[in-house]
Each structure stands twice: as structure tokens, then as C-alpha cells.
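The values are calculated or read from the model by the stated rules, or taken from the named source; none is laboratory data. Predicted, not measured: the structure shown is a model, and the values here were computed from it. Glycine gets a Cβ as well: all are built from the backbone with ideal geometry, and neighbour counts include every protein chain shown. The area values use the complete protein model at the heavy-atom level, side chains included, leaving out ligands, DNA and RNA. Shrake-Rupley method; radii C 1.70, N 1.55, O 1.52, S 1.80 Å.
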Amino acid sequence: NDQWVVFDASCTHHVEATVYNRYGSLVYYSKDYQNNWNGTYNSKPLPDATYYFILNVVDKNGMRFTRKGDVTIMR
């Protein structure tokens, strides 16, 4: 995949996304994620590695929840 797709837009109202590298440095943030991150930081491709994410989601019913996990970049 060329972009990080984390949800079906028809099921969510709002998604805040943060992505960190293995050292805990923030490499991506979006207050209103639209499935459009392409694995870059400061317009440069991030190196192959595993990155950790936190998603704060509000679904179409107004329910709030948090999801945490990892995403691996392999070019």
C-alpha cells in the first residue's frame, strides 16, 4: 500500500492519528486523519522500520475509543 489506511470513512466521524518512531519521537500527527499518510516525515520518506501509532476515534454514533498498534514501512 502507498498510504496508511486505518479505517473505513463511512464508519468514523473523526480520527486523530499520531505515529512515533522506535525512540518515541513523533514522526506524524493529524488532528483529522483522512487515510492519507504515505510514510514521510518533513516530506522525506521514512526508513524501513516499525513505527507505533495511537488513534483517537469518534465513530458515527459518537462513541469514543483509542486504538494502539504498529505499522511497518518496507519500501
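Points worth noting:
- A Cβ distance below 6 Å, combined with a sequence gap of six or more or placement on separate chains, defines the contacts here; from region 1-27, residues that are at pLDDT 95 or above reach residues that are of a type in the set (S, T, N, Q) in the pairs GLU16/ASN56; ALA17/SER30; VAL27/ASN21.
- GLY62 falls short of the stated requirement of being in a loop (DSSP other than H, G, I, E, B) and either basic (Lys, Arg) or out of contact with any His (no Cβ under 9 Å at 6 or more places or on another chain) (or both).
- Summed over region 1-25, residues that are farther than 15 Å from ARG67 by Cα and touching a Phe, Trp or Tyr at 6+ places or on another chain (Cβ under 7 Å) total 2.
- Looking across region 41-52, the residues that are open to solvent by 40 Å² or more (accessible area, probe 1.4 Å) and not acidic (Asp, Glu) come down to TYR41, ASN42, SER43, LYS44, PRO45, PRO47, THR50, TYR52.
- Residue list for region 26-75, restricted to those being out of contact with any Phe, Trp or Tyr (no Cβ under 9 Å at 6 or more places or on another chain) and among the small types (Gly, Ala, Ser): SER43, ALA49, GLY62
- Test: ASP32 is open to solvent by 60 Å² or more (accessible area, probe 1.4 Å) and farther than 14 Å from GLN3 by Cα: yes
- Number of positions in region 51-75 that are out of contact with any Leu (no Cβ under 6 Å at 6 or more places or on another chain) and closer than 12 Å to VAL27 by Cβ: 4
- Considering only residues in region 8-26 that are over 10 Å from the mean Cα position of the chain (by Cα) and open to solvent by less than 40 Å² (accessible area, probe 1.4 Å), the one that is nearest to ALA49 (Cα to Cα) turns out to be ASN21.
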